[in-house]
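Have a look at the structure below before the remarks.
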Amino acid sequence: MVHIVGAGPGAPDLITVRGKELLERADVIIYAGSLVNPALLEYRKAQCQVYDSAKMTLEEVIAVMAEAEREGKMTVRLHTGDPCIYGAIREQMDELEERGIPYDVCPGVSSFCGAASSLKMEYTLPKVTQSVIITRMAGRTPVPERESIASFAAHGATMVIFLSTGMLDQLSEELIKGGYLPDTPAAIVYKATWEDEKTINCTVESLSASAKRENIKKTALILVGNAVAQNGYERSKLYDPVFTTEYRKGTGDD
Ligand code: SAH
């Protein structure tokens, strides 16, 4: 059987308990070496075979999985963050299905959650915004036209932009074109939860200059929107003493 496992954003103790247990039992581990913290491999057993998928094609990954399956071995396919976000897992799962190889998916802490924890930030502040848009600039993988950065920027929601650290001038331009003011708060989180993590608070306009100053070229998330400043919000209704909830009677009803 193949277990597709989310490794979490970086810190090795941010994998789930289930993910760690799967790593401990695995006969074969195929990990995304470009982004997964190699410290996670220390959970493996002595005879476990390890492959770095950064140097492999989909065909090669599937061949390793198929061989392991023939030998009755258990494989962990370790993806950074949570596998459901830019994980390229659908194509793997389809190949496994075609070959009748059973698989499941173990979630992980996505880097967009890791980045919020690094900044001690709540993405969804009452009265500021109640939505998070997860997207990317088009790179080698195209982004559908209707999902342009400018069109999302028009919502003024919190945006978390993956895979775009190399295109920050263009990103700022698109964000401003879409309606964010040049001085809208923004942040760059480099290697969230890793030991060499860096967080930079800046503005939409100064994204590129800030990244250059800190020499950040990859493995970063760009956060944009008024929520990044973490002010101007309203208290939640959930914990307001006046309001009655399903679990608690509020003073407002007296
Ligand atoms: N599935 C992953 C994302 C993979 S795409 C997840 O859920 O996080 C790879 C991109 O994710 C990188 O280019 C970078 O933009 C972002 N990323 C991954 N780990 C990161 C980290 N620890 N800190 C900041 N960005 C990270």
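Annotations
- Restricting region 192-243 to residues that are among the aliphatic types (A, V, I, L, M), part of a helix (DSSP H, G or I) and in contact with a strand residue (DSSP E or B) (Cβ under 7 Å, 6 or more places away or on another chain) leaves a set whose member that is most open to solvent (accessible area, probe 1.4 Å) is Ala229.
- Here Leu181 fulfils each of the conditions (1) hydrophobic (A, V, I, L, M, F, W, C); (2) more than 16 Å from the ligand (Cβ to nearest atom); (3) in contact with a helix residue (DSSP H, G or I) (Cβ under 8 Å, 6 or more places away or on another chain) apart from (3).
- For region 88-108, the candidate set comprises residues that are touching a Ser or Thr at 6+ places or on another chain (Cβ under 8 Å) and surrounded by 18 or more Cβ atoms within 10 Å (Cβ to Cβ); within that set, the residue that is farthest from Tyr233 (Cα to Cα) is Cys106.
- Matching strands (runs of 3 or more DSSP E) fully within region 1-116 where at least 2 residues are touching a residue at least 24 places away in the same chain (Cβ under 8 Å) and more than 13 Å from the ligand (Cβ to nearest atom): 2-6, 28-31, 75-79, 103-106
- Selection within region 117-143 - hydrophobic (A, V, I, L, M, F, W, C) and either open to solvent by less than 30 Å² (accessible area, probe 1.4 Å) or touching a residue at least 24 places away in the same chain (Cβ under 8 Å) (or both): Leu119, Met121, Leu125, Val128, Val132, Ile133, Ile134, Met137
- Scan of region 34-52 for residues that are in contact with a Phe, Trp or Tyr (Cβ under 9 Å, 6 or more places away or on another chain), buried (at least 17 other Cβ atoms within 10 Å of the Cβ) and closer than 22 Å to Glu195 by Cα, ordered by number: Asn37, Leu40, Leu41
- Of all the numbered requirements in (1) assigned to a loop (DSSP other than H, G, I, E, B); (2) buried (at least 20 other Cβ atoms within 10 Å of the Cβ), Val160 misses one, and that requirement is (1).
- Residue among Glu246, Glu195, Glu234 that is within 13 Å of the ligand (Cβ to nearest atom) and not hydrophobic (A, V, I, L, M, F, W, C): Glu195
- When Gly8 is tested against (1) open to solvent by 60 Å² or more (accessible area, probe 1.4 Å); (2) on the phi > 0 side of the Ramachandran plot; (3) of a type outside the set (S, T, N, Q), only condition (1) is not met.
- Test: residue in region 166-183 that is in a loop (DSSP other than H, G, I, E, B) and buried (at least 18 other Cβ atoms within 10 Å of the Cβ): yes
- Taking the criterion of being in a loop (DSSP other than H, G, I, E, B) and either closer than 27 Å to Leu35 by Cα or not aromatic (Phe, Trp, Tyr) (or both), the residues of region 244-254 that qualify are Thr244, Thr245, Glu246, Arg248, Lys249, Gly250, Asp254.
- Odd one out for Arg140 among (1) within 16 Å of the ligand (Cβ to nearest atom); (2) modelled with pLDDT of 95 or more: (2)
- Of the residues making up region 143-157, those that are within 22 Å of Thr124 (Cβ to Cβ) and in a helix (DSSP H, G or I) are Glu147, Ile149, Ser151, Phe152, Ala153.
The values are calculated or read from the model by the stated rules, or taken from the named source; none is laboratory data. Given the structure is predicted, the values throughout are model-derived calculations rather than measurements. As a convention, Cβ positions derive from the backbone with ideal geometry for all residues, glycine included, and neighbour counts pool all protein chains shown. Surface areas here come from the heavy atoms of the whole protein model, side chains and all, with no ligands, DNA or RNA. Shrake-Rupley method; radii C 1.70, N 1.55, O 1.52, S 1.80 Å.
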